[in-house]
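Before any comments, here is the structure.
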Amino acid sequence: MLARLALLALALGVLPTAAQTPTPVLDGRLVVEVPEGLDRLTEAQLLAKYGAARKPADGFGDAILAVTVTATAMALPTDDADLGQVVAAFRQQLGATYADAEWLRAEVDRSGDRPVGVLDVWLPVGSGRVRNVMVLVALGDALGVVAANASEAAEPGWREALEAAVASVRHADA
């Protein structure tokens, strides 16, 4: 079903373009360039998709929510020097939850002004898979998590835009 919807989206020309809009998230603490074609999700949409316990602070998605970009601040005081341990803990937790996870990347990226943790993984969900790319950002009093997710059917058409979105995550004051 999702594969058909992705093909329909491609035929209608609603797959992402290279255009990205810099958007403040987490009460303006971070900025992420949200791909064109993803709209801000309402509170009701966030609750329906994630539930109250896992609801992100900010979210953007396509019409069928096969592709999302979300932002959450976790109550975990984190400094830049802590990111290596945080990445390892996230990888261990996801690996314990999803034994069949296919890891593409789990590391601290130091190429920008400040380091960020990056986790890139295919997770088994139902009868398919979801690509989940997370950027972990030290906020001092919290850990900022920006995640881009795409179903296996939607991922090929969104790959470049989602990778650009997570690569764009930065502190708002940077």
The residues 158, 122, sorted from fewest to most surrounding Cβ atoms within 10 Å, come out as 122, 158
Would you mind computing, in nm to one decimal, how far apart the modelled labels at residue 114 and residue 163 are, each placed 7 Å from Cα along Cα→Cβ? 2.6
If you put +1 on each Lys and Arg Cβ and -1 on each Asp and Glu Cβ, how big is the dipole of the stretch 29-78 around its Cα centre, in Debye rounded to 20? 280
Cβ charges +1 (Lys, Arg) and -1 (Asp, Glu), total dipole of the chain, debye: 420
Report the extension gain between residue 65 and residue 171 in nm, rounded to one decimal, defined as 0.36 nm multiplied by the number of residues separating them, less their alpha carbon distance. 35.5 nm
Using the Cα gyration tensor of the stretch 17-63, with a ≥ b ≥ c the square roots of its eigenvalues, what is the shape: rounded (a/c below 1.5), prolate (a/b larger than b/c) or oblate (neither)? oblate
Log10 I(q)/I(0) at q = 0.11, 0.19, 0.20 Å⁻¹ for the chain, from Debye over equal alpha-carbon scatterers, is -0.44, -1.37, -1.51
Given charges of +1 on the Cβ of Lys and Arg and -1 on the Cβ of Asp and Glu, with all other atoms neutral, how large is the dipole of the stretch 106-174 about its Cα centre, in debye to the nearest 20? 80
With label points set 7 Å from each Cα along the Cα-to-Cβ direction at residue 85 and residue 102, the distance between them in nm comes to 3.4
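No value in this document is a laboratory result; all are computed from the given coordinates. Everything quoted here is computed from the prediction, not taken from an experiment. Glycine also receives a Cβ, built like all others from the backbone with ideal geometry; neighbour counts cover every protein chain displayed.
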